[in-house]
Every structure is written in structure tokens, then in C-alpha cells.
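Have a look at the structure below before the remarks.
Values in this text are rule-based calculations from the coordinates and carry no lab data. Quick caveat: nothing in here was measured; it's all calculated off a predicted structure. Here the Cβ positions follow ideal geometry from the backbone for every residue, glycine too, while neighbour counts run over all protein chains shown.
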Amino acid sequence: MLEEMRPAALPETTSLLSPGVFHGKTEKMRKLLIAFAASLVATLSVFAAELQGVVAEVDAENRTVTLDDGSTMPVAEGVDISSIAPGDTVNIITDDASGEITEVMIAE
């Protein structure tokens, strides 16, 4: 009875659960997923901007930094701005979506 139910396209010794039956398709899918994940990581890194400027004012209470060009940027929660002061040249990384400073370092 079992022999009658077996599809004609598969040899008797092969079942759908046998290793290797779908190997080519799963290998292609794995490569496709790896490529997709790599492109996603590359895309996410695009949403950050880096700039350098001279600090004109640090407002710790309102969590903003103003540069000498007049631009004022909000600072994300958890970013320490206590070590920067007016006159410091800083490297800043901002989140393009929110415009917040996500990292600030005194330039060397």
C-alpha cells in the first residue's frame, strides 16, 4: 500500500525528508538571506551623519549643543556632553532620522 502512494518521480529509496533532496534550494536561500542581511546593515549605517565643528554653547539643561556656524542640535539621552566646552573642536555623529547627536568627541 505504501508503494502505491509513492510519487513516481522519486526513487524508492528517497523520501522528501532525506538529506540532499532540497539541498540546492536551501543553499540558494541561505545565500540570498546572507546578501539581504548584508544590504540591510549597509542601509542602516546610511542613517548617520558625521560632522566636525567648533562648539559655541553647551546647554546641559536642555541637552543641546550649538556650533559656531549657528546650528543647534539636540543631544540624545545617554550621551555625555559634560566634557565639552565652548571653543572645543568636536567630531559629532548624528542620527539622520531624529537629528539628535548620538556621539560627540573632542577632535585631536
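For the range 50-76, enumerate the residues that are without any contact (Cβ under 8 Å) to a residue 12 or more places away in the chain and acidic (Asp, Glu). Correct list: Asp59, Glu61.
Residues in the range 68-98 that are farther than 18 Å from Ala56 by Cα and of a type in the set (Gly, Ala, Ser): Ala76, Gly78, Ala97, Ser98.
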